[in-house]
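A.B. asks: Take this structure first; my questions come after.
The values are calculated or read from the model by the stated rules, or taken from the named source; none is laboratory data. The structure presented is a predicted model; accordingly, all values stated were derived computationally and were not measured. Every residue, glycine as well, gets a Cβ built from its backbone with ideal geometry; the counts of neighbours run over all protein chains shown. The accessibility values were calculated without ligands, DNA or RNA, using every heavy atom of the protein model including side chains. Shrake-Rupley method; radii C 1.70, N 1.55, O 1.52, S 1.80 Å.
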Amino acid sequence: MSELTHLDAAGAAHMVDVGGKTPTRREAVATGRIDMILEAARAIRDGTALKGDVLAVARVAGIMAAKRTSELIPLCHPLPLTRVAIDLVVDDRGVTATATAATESKTGVEMEALTAVTVTLLTSTIWPRRSTKA
């Protein structure tokens, strides 16, 4: 079990000690996609969703999530992020998000990029309101 960084020799979970490492520039990119019905994707793309600017809110949510990754994912080190960027592409089938996270630290930012893209996509999900008028 010693091959796994977050398990000790006895198999117990622990936070990796990065105290002896030298800080270096680190960057990670994660991409994800969420599919939805045509009506929802078009409302997001055209900016006509009843929720308002879905993409702006989703982008901010992703950035906020990256900054709080260590509070959400067990054993993650809190990192001083120097950059979080969210790129969004909408088509008739859904939204594709790409999150880039960067830091100058002793450990990587992969979990921050993954958390950012996940929360971005969750936030970009809408359900179009159907008319109740006859």
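A.B. asks: Taking the stated definitions as given, is Ile37 among the aliphatic types (A, V, I, L, M), open to solvent by 40 Å² or more (accessible area, probe 1.4 Å), closer than 30 Å to Val18 by Cβ and modelled with pLDDT under 95?
C.D. replies: Values: among the aliphatic types (A, V, I, L, M): yes; open to solvent by 40 Å² or more (accessible area, probe 1.4 Å): yes; closer than 30 Å to Val18 by Cβ: no; modelled with pLDDT under 95: yes.
No.
A.B. asks: Check Asp17 against each of (1) buried (at least 17 other Cβ atoms within 10 Å of the Cβ); (2) over 30 Å from Trp127 (Cβ atoms) and name the one condition it does not meet.
C.D. replies: Unmet condition: (1).
A.B. asks: Restricting to the stretch 88-109, and then to whatever is surrounded by 17 or more Cβ atoms within 10 Å (Cβ to Cβ) and among the hydrophobic types (A, V, I, L, M, F, W, C), can you tell me which residue is farthest from Ala65 (Cα to Cα)?
C.D. replies: Val90
A.B. asks: Filter the stretch 73-87 down to residues that are surrounded by 20 or more Cβ atoms within 10 Å (Cβ to Cβ) and under 15 Å from Gly62 (Cα atoms), then give me how many there are.
C.D. replies: The total comes to 2.
A.B. asks: Could you check Thr69 against (1) out of contact with any helix residue (DSSP H, G or I) (no Cβ under 8 Å at 6 or more places or on another chain); (2) surrounded by 18 or more Cβ atoms within 10 Å (Cβ to Cβ) and say which number it fails?
C.D. replies: Condition (1) is where Thr69 drops out.
A.B. asks: With the condition kept exactly as written, say whether any residue in the stretch 120-129 is modelled with pLDDT of 95 or more and touching a Ser or Thr at 6+ places or on another chain (Cβ under 6 Å).
C.D. replies: Checked the stretch 120-129: no residue is modelled with pLDDT of 95 or more and touching a Ser or Thr at 6+ places or on another chain (Cβ under 6 Å).
A.B. asks: If Val57 passes every condition in (1) exposed (fewer than 11 other Cβ atoms within 10 Å of the Cβ); (2) within 14 Å of Thr125 (Cβ to Cβ) but one, which one does it miss?
C.D. replies: The single condition Val57 does not satisfy is (1).
A.B. asks: Return yes when Gly11 is within 16 Å of Leu121 (Cβ to Cβ) and open to solvent by less than 40 Å² (accessible area, probe 1.4 Å) and no when it is not. Full working, then the answer.
C.D. replies: On the way: within 16 Å of Leu121 (Cβ to Cβ): no; open to solvent by less than 40 Å² (accessible area, probe 1.4 Å): yes.
Considered against the rule, which asks whether it is within 16 Å of Leu121 (Cβ to Cβ) and open to solvent by less than 40 Å² (accessible area, probe 1.4 Å), Gly11 comes out as no.
A.B. asks: Quick one: is Met64 among the aliphatic types (A, V, I, L, M), within 12 Å of the chain's Cα centre (by Cα) and open to solvent by 30 Å² or more (accessible area, probe 1.4 Å)?
C.D. replies: It is true that Met64 is among the aliphatic types (A, V, I, L, M), within 12 Å of the chain's Cα centre (by Cα) and open to solvent by 30 Å² or more (accessible area, probe 1.4 Å).
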